[in-house]
Amino acid sequence: MAFWKKKDDAGSKQTRVFYATDIHGSERTFRKFLNGAKFYKVDHIIMGGDITGKFLVPIVHEHDGHYRVTLQGTTESLDGDSALQAVKERIETLGFYHVTLEEDELHAMQESQGEIDALFRQLGRERLERWIALADERLAGTSVKWYVTGGNDDPMDVLSVLENIDSEHIVNCEGKVVMMDDLYPMANCGYSNPTPWDTPREVEEEVLEEHLEQAVQGIDDFTSAIFNFHVPPYDCTLDDCPKLDWSTDPPTPVVVGGVAQSAPAGSTAVRKVVEKYQPMLMLTGHIHESRGLVKVGKTTVINPGSEYGEGILRGCILNLQPGKVVGYQMTSG
């Protein structure tokens, strides 16, 4: 086990990073994220969890160059290769995956949820592999590193792609402590507390606390530490979201007197661990609509929010010095 301590000779060097999270498979949003290294003139880029898409969309070949697709509740007819390509790009911007099938192939697949799930994960792995290759290409000749971890929506067999990375630019942070610029130990955990959606990596609070404690092992001095935890601390305002009735399928918003109710959805385990260790900075996400910065004790907590489905990248530029966050700027574009 390695141990990291605050460096006495750190001086006043600043590290400038760009952080974004919850892009959920969106091709356009990822490319903006990757371009952010050059555009925002940062030393490194950090991606929080939920990098996998949410849906698999079948495109049905009807005859000759004619296709049909049902996208966001609307069935469309497609005529020709250009229309087909355009709808594929729309699907990829939304963060979804697509497969082109004959009518009989569609019916056969609909009879096997296991086959659908396997194809979904295969396409998720393939997209992540393409992103890694693109990052290696775009970051070549620079000292920029892309620090990446998963979230509660990311199946382990998709995240397995990260285990085989052989790159000087891409750092797999999943479930471990990594050093950034030899100054900032960054602990990473993508698991979440229970949600209404039954996602691949959600666990009870007691189990999540165990994951978090494991994630920070090896940090001896938390003065300059960063916690890259997917879920925000409970009741910190960065976890406010619509209150849902979990007894319906799908869960539905709770409305009282015509007013939609909100409630904190963060993790008590995360709050407990952050209050216990008081790292310099916590990077979080998970709750897309709760963009902002707050303090939990001495810890600066940032959720940049997410609008991935519109192809919009929300993020945050952070200027760091050992022991303090010098400044930050929320971004959107």
Taking PHE96, is it closer than 20 Å to GLN72 by Cα and outside the structural domain of THR70 (by TED's automatic domain parsing)? no
From the list LEU101, LEU78, pick out the single residue that is assigned to a strand (DSSP E or B), surrounded by 15 or more Cβ atoms within 10 Å (Cβ to Cβ) and either out of contact with any strand residue (DSSP E or B) (no Cβ under 6 Å at 6 or more places or on another chain) or free of Cβ contacts under 8 Å to residues at least 40 places away in the same chain (or both). LEU78
Considering only strands (runs of 3 or more DSSP E) fully contained in region 230-322, which possess at least 2 residues that are in contact (Cβ under 8 Å) with a residue 40 or more places away in the chain? 240-242, 281-283, 292-296, 299-303, 314-321
Go through (1) touching an Asp or Glu at 6+ places or on another chain (Cβ under 8 Å); (2) crowded, with 18+ Cβ neighbours inside 10 Å one by one and return the number of the condition ILE302 breaks. (1)
Would it be correct to say that VAL60 is part of a loop (DSSP other than H, G, I, E, B), aliphatic (A, V, I, L, M) and in contact with a Lys or Arg (Cβ under 7 Å, 6 or more places away or on another chain)? no
Taking the stated definitions as given, is GLU137 under 17 Å from the mean Cα position of the chain (by Cα) and either buried (at least 19 other Cβ atoms within 10 Å of the Cβ) or assigned to a helix (DSSP H, G or I) (or both)? no
Give me the pairs, please: first residue somewhere in region 160-175 and on the phi < 0 side of the Ramachandran plot, second residue anywhere and of a type in the set (D, E, K, R) and assigned to a loop (DSSP other than H, G, I, E, B), beta-carbon distance under 6 Å, and either six or more positions apart or on two chains. LEU162/GLU174
Look through region 149-195, keep the residues that are more than 18 Å from the chain's Cα centre (by Cα), assigned to a loop (DSSP other than H, G, I, E, B) and of a type outside the set (A, V, I, L, M, F, W, C), and return whichever of them is surrounded by the fewest Cβ atoms within 10 Å (Cβ to Cβ). ASP166
Which count do you get for residues in region 247-278 that are under 24 Å from HIS230 (Cα atoms), of a type in the set (A, V, I, L, M, F, W, C) and surrounded by 14 or more Cβ atoms within 10 Å (Cβ to Cβ)? 5
Could you please let me know if PHE39 is modelled with pLDDT of 95 or more, farther than 28 Å from VAL158 by Cα and not aliphatic (A, V, I, L, M)? yes
Could you tell me whether LYS54 is over 11 Å from the mean Cα position of the chain (by Cα), part of a loop (DSSP other than H, G, I, E, B) and within 18 Å of LEU94 (Cβ to Cβ)? yes
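The values are calculated or read from the model by the stated rules, or taken from the named source; none is laboratory data. Predicted model, so just to flag it, every value in this text is computed and none were measured. FYI the Cβ positions are ideal-geometry reconstructions off the backbone, even for glycines, and counts take in every protein chain you see.
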